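**Q** Structure below; questions to follow.
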Amino acid sequence: MCSTRKAVSDVEFVKPTIEYAELSPLLIVLGVAALGVVVEAFVARERRHVVQVSLAFAGVLAALVATVLVGLDLADVGAGQGLVGAEGSVVVDGPTVYLWGLVLVFALGGVALFAERRLEAGVSVFAGQAAALPGTEAERRSSGLAHTEVYPLVMFAIAGMMLFPAAGDLLTMFVALEVLSLPLYLLCGLARRRRLLSQEAALKYFLLGAFSSGFFLYGVALVYGYAGSMDLDVIHSSVLNRTDDRTLLLLGIAMLSVGLLFKVGAVPFQAWTPDVYQGAPTAVTAFMSAATKVAAFGALLRLYYVGFGANRWDWQPMLWVVAILTMLVGAVLAVVQSDVKRMLAYSSVAHTGFLLTGVLGLQASGALGEDEVTSLQAVLFYLTTYGFATVGAFALVTLVRDANGEATSSAKWAGLGRRSPVVAGVFALFLLSMAGIPLTAGFVGKWAVFTVAMSAGAWPVVLVAIASSIIAIFFYIKFVRLMFFVDAEGDVAEVTVPSPLTSVTIGVCALATIGLGLVPGPVLDLVAHAGDFIR
């Protein structure tokens, strides 16, 4: 017993090294999230909203500034450079910094929409008490209360979204997945109006998300059994050098793919998307539809390119099938929707398929080459264009209202172009960008991902993508026609004047959609200069 104690005491403790400067954007967001919890505990209820909104805006802006500084440091070193920090668990390279910036920009828009109070007669769009049922005494008592817990929740979700694409090992990636998902499950159930629909959406999202997390964790175990490590660089070396136990590897890739494809809303894991997009508060839908897709595709790219790049001939056929089904199912089902939020949800599914088409262009071979950078550039640019269009579109949905709140039925939007030509015109701009009409950002994004997929030999997927785009143009133009060329009948919706927070968000998204369509060069150069993933 004594010898055992002596042996244990002789073990030298090695202090972990944390690169605080390079990880400062992530640490700032986590710190603000924790501080928001303290505010909820100690600040008076009537002052919490102002304090929480100010804290959230300041935290996101500070993290964005820190991200720019980290990016400038990497630019001084050179493209394709970076560091593996936090004892190998977090990778800070060019794509990571770009994805961080993108998530934070969309987070600014999300926080602005969360803070909107003018649309609900001076109160938040979030329920005063989450578990209150419609018509009950609990709901009446909480009708004037502000649910300010949403701000620390969204900050924790942002932190998870930033960690997700930067994860250097599978365990960190799983932790990031849960950190970003759990707050979103709660936020989806907090709508002030249509309480049962919102609570149902949150429950569906939680149950299906729990299943997908289980698949992901099982995949982590299988890959660990194959490689003997959870580090992506070690997994890459094992895939490159070993030829035995391929069954464990293939099953592990399949299980991990289920978890990631669920988060991006790919077929056959898209069932949650229309129900959650429709039932969640629209501010949450706007933030989630853009930022979650950015984070999840960043993690998917890092996993496939860094971890399993040498095994791409095994997983690429699977992605071919998933991309084709996702584009077709999203485009076809969007045609028959009569609710604008569900239409945008199935549109999101179709765009997931277009993004997966770009992923197929990643020629991961262990050596940096022109094709890899071009493919990554295309996917990152598409995420940028889609994010601005979808945040702006959902922000506009919050303005079209009737006596029952948001009017999401397409019949209520008939003739909107005559009652409010500016709102209808900007919404049409976002729809045309999603459709990929020339001179909009969406056209450049689709051209980029289709080109890199063709260069990788995935021309059948590109043909399906073109066909799906044609179908998508039909339902986008159908909605534009409804707003401008169909006479309103019966009760129609009117446009409510929002606060400057929502107005600025919509304006920035519209300018970005036009600017990225007319002058895409600077952003394309920026994502190209970001370089490639490092190991």
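The values are calculated or read from the model by the stated rules, or taken from the named source; none is laboratory data. All of these numbers come straight from a predicted model, not from anything done at the bench. Please note: Cβ atoms are built from the backbone with ideal geometry, for glycine as well, and neighbour counts cover all protein chains shown.
**Q** Mind listing whichever residues of segment 43-64 are more than 30 Å from the chain's Cα centre (by Cα) and modelled with pLDDT of 90 or more?
**A** Restricting attention to segment 43-64, the residues satisfying the condition of being more than 30 Å from the chain's Cα centre (by Cα) are 43-47.
Result: no residue meets the conditions.
**Q** Related question: How many of the residues making up segment 495-506 are more than 16 Å from THR282 (Cα to Cα) and either β-branched (Val, Ile, Thr) or surrounded by 14 or more Cβ atoms within 10 Å (Cβ to Cβ) (or both)?
**A** So the answer is 2.
**Q** Could you list all residues from segment 411-432 that are in a helix (DSSP H, G or I), within 25 Å of SER124 (Cα to Cα) and in contact with a strand residue (DSSP E or B) (Cβ under 7 Å, 6 or more places away or on another chain)?
**A** Result: LYS412, TRP413, VAL423.
**Q** Cβ contacts < 7 Å: first residue over 16 Å from VAL423 (Cα atoms) and in contact (Cβ under 8 Å) with a residue 12 or more places away in the chain, restricted to segment 468-494; second residue surrounded by fewer than 16 Cβ atoms within 10 Å (Cβ to Cβ) and not acidic (Asp, Glu), any location; separation 6+ or different chain. Result?
**A** ILE471/VAL332; ILE471/VAL335; PHE474/VAL335; PHE475/VAL335
**Q** What helices (runs of 4 or more DSSP H) lie completely within segment 443-535 and have 1 or more residues being farther than 26 Å from VAL70 by Cα and touching a Ser or Thr at 6+ places or on another chain (Cβ under 7 Å)? Explain how you work it out, then say what you get.
**A** Numbers: elements: 459-485, 500-518, 521-529.
It comes to 459-485, 500-518.
**Q** Out of all the residues in segment 400-409, is one or more of a type in the set (A, V, I, L, M, F, W, C) and assigned to a helix (DSSP H, G or I)?
**A** First, pick out the residues of segment 400-409 that are of a type in the set (A, V, I, L, M, F, W, C): 400, 403, 407.
Now drop any that are not assigned to a helix (DSSP H, G or I), which leaves none.
Checking segment 400-409: not a single residue is of a type in the set (A, V, I, L, M, F, W, C) and assigned to a helix (DSSP H, G or I).
**Q** Name the single residue, out of those in segment 219-255 being more than 23 Å from ALA166 (Cα to Cα) and of a type in the set (D, E, K, R), that is modelled with the highest pLDDT.
**A** By that ranking, first place goes to ARG246.
**Q** Okay, next question. Would it be correct to say that PHE450 is surrounded by fewer than 17 Cβ atoms within 10 Å (Cβ to Cβ), over 30 Å from GLU116 (Cβ atoms) and not aliphatic (A, V, I, L, M)?
**A** Numbers: surrounded by fewer than 17 Cβ atoms within 10 Å (Cβ to Cβ): no; over 30 Å from GLU116 (Cβ atoms): yes; not aliphatic (A, V, I, L, M): yes.
When the stated conditions are applied, PHE450 does not pass them.
**Q** Mind telling me which of the residues ALA435, ALA393, ALA441 ends up being among the hydrophobic types (A, V, I, L, M, F, W, C), within 30 Å of VAL123 (Cα to Cα) and either touching a residue at least 12 places away in the same chain (Cβ under 8 Å) or out of contact with any Pro (no Cβ under 6 Å at 6 or more places or on another chain) (or both)?
**A** Testing whether each residue is among the hydrophobic types (A, V, I, L, M, F, W, C), within 30 Å of VAL123 (Cα to Cα) and either touching a residue at least 12 places away in the same chain (Cβ under 8 Å) or out of contact with any Pro (no Cβ under 6 Å at 6 or more places or on another chain) (or both) leaves just ALA393.
**Q** Mind telling me which of the residues LEU251, LEU217, LEU222, LEU240 ends up being within 22 Å of the chain's Cα centre (by Cα) and either surrounded by fewer than 16 Cβ atoms within 10 Å (Cβ to Cβ) or under 25 Å from SER181 (Cα atoms) (or both)?
**A** On the way: LEU251 fails: within 22 Å of the chain's Cα centre (by Cα); LEU222 fails: within 22 Å of the chain's Cα centre (by Cα); LEU240 fails: within 22 Å of the chain's Cα centre (by Cα).
LEU217 is the lone residue from the list that is within 22 Å of the chain's Cα centre (by Cα) and either surrounded by fewer than 16 Cβ atoms within 10 Å (Cβ to Cβ) or under 25 Å from SER181 (Cα atoms) (or both).
**Q** Output the number of the condition that ALA299 fails; it satisfies all remaining conditions of (1) in a helix (DSSP H, G or I); (2) farther than 19 Å from TYR382 by Cβ; (3) touching a Phe, Trp or Tyr at 6+ places or on another chain (Cβ under 8 Å).
**A** So ALA299 meets the others, but not (2).
**Q** Which residues, counting only those in segment 228-273, are over 28 Å from ILE324 (Cβ atoms) and among the small types (Gly, Ala, Ser)?
**A** GLY228, SER229, SER237, SER238
**Q** A further question follows. From the list ALA127, ALA132, which residue is surrounded by fewer than 22 Cβ atoms within 10 Å (Cβ to Cβ) and either modelled with pLDDT under 90 or of a type outside the set (Val, Ile, Thr) (or both)? Walk me through how you get there before you give the answer.
**A** Numbers: ALA127 fails: surrounded by fewer than 22 Cβ atoms within 10 Å (Cβ to Cβ).
Answer to the selection: ALA132.
**Q** LEU27 is checked against (1) under 12 Å from MET155 (Cα atoms); (2) in contact (Cβ under 8 Å) with a residue 24 or more places away in the chain and fails just one. What number does that condition carry?
**A** Failed condition: (2).
**Q** Tell me which of these GLY94 doesn't satisfy, since it passes every other one: (1) within 24 Å of the chain's Cα centre (by Cα); (2) farther than 18 Å from SER499 by Cβ; (3) surrounded by fewer than 22 Cβ atoms within 10 Å (Cβ to Cβ); (4) of a type in the set (Gly, Ala, Ser).
**A** (3)
Matching residues to (1) in contact with a helix residue (DSSP H, G or I) (Cβ under 7 Å, 6 or more places away or on another chain); (2) surrounded by fewer than 24 Cβ atoms within 10 Å (Cβ to Cβ); (3) at pLDDT 95 or above; (4) of a type in the set (Gly, Ala, Ser):
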residue	(1), (2), (3), (4)
VAL359	yes, no, no, no
LEU362	yes, no, no, no
GLY366	yes, yes, no, yes
GLU370	no, yes, no, no
VAL373	yes, yes, no, no
LEU376	yes, no, no, no
VAL379	yes, no, no, no
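**Q** Here is a follow-up. So if I check each of VAL220, VAL234, VAL267, which one is part of a helix (DSSP H, G or I) and in contact (Cβ under 8 Å) with a residue 40 or more places away in the chain?
**A** Working: VAL234 fails: in contact (Cβ under 8 Å) with a residue 40 or more places away in the chain; VAL267 fails: part of a helix (DSSP H, G or I).
Sole residue among the options that is part of a helix (DSSP H, G or I) and in contact (Cβ under 8 Å) with a residue 40 or more places away in the chain: VAL220.
**Q** I would also like to ask the following. With respect to GLY515, is the statement that it is surrounded by 14 or more Cβ atoms within 10 Å (Cβ to Cβ) and of a type in the set (Gly, Ala, Ser) true?
**A** Details: surrounded by 14 or more Cβ atoms within 10 Å (Cβ to Cβ): yes; of a type in the set (Gly, Ala, Ser): yes.
Considered against the rule, which asks whether it is surrounded by 14 or more Cβ atoms within 10 Å (Cβ to Cβ) and of a type in the set (Gly, Ala, Ser), GLY515 comes out as yes.
**Q** Return only the number of the condition from (1) more than 12 Å from the chain's Cα centre (by Cα); (2) farther than 28 Å from ARG192 by Cα; (3) buried (at least 22 other Cβ atoms within 10 Å of the Cβ) that ASP245 does not satisfy.
**A** So the condition that ASP245 fails would be (3).
**Q** Given the criterion under 20 Å from ASP339 (Cβ atoms) and out of contact with any strand residue (DSSP E or B) (no Cβ under 8 Å at 6 or more places or on another chain), identify the matching residue among ALA395, ALA407, ALA441.
**A** Numbers: ALA407 fails: out of contact with any strand residue (DSSP E or B) (no Cβ under 8 Å at 6 or more places or on another chain); ALA441 fails: under 20 Å from ASP339 (Cβ atoms).
Going through ALA395, ALA407, ALA441 in turn, just one is under 20 Å from ASP339 (Cβ atoms) and out of contact with any strand residue (DSSP E or B) (no Cβ under 8 Å at 6 or more places or on another chain): ALA395.
**Q** For TYR305, state whether it is crowded, with 22+ Cβ neighbours inside 10 Å, among the aromatic types (Phe, Trp, Tyr) and either touching a Ser or Thr at 6+ places or on another chain (Cβ under 9 Å) or not in a loop (DSSP other than H, G, I, E, B) (or both).
**A** yes
**Q** Quick check: anything in segment 96-111 of a type in the set (A, V, I, L, M, F, W, C) and either touching a Pro at 6+ places or on another chain (Cβ under 6 Å) or over 25 Å from THR292 (Cβ atoms) (or both)?
**A** Within segment 96-111, the subset of a type in the set (A, V, I, L, M, F, W, C) is 97, 99-100, 102-108, 111.
Narrowing the set further to residues that are either touching a Pro at 6+ places or on another chain (Cβ under 6 Å) or over 25 Å from THR292 (Cβ atoms) (or both) leaves 99-100.
The answer is yes; a qualifying residue exists.
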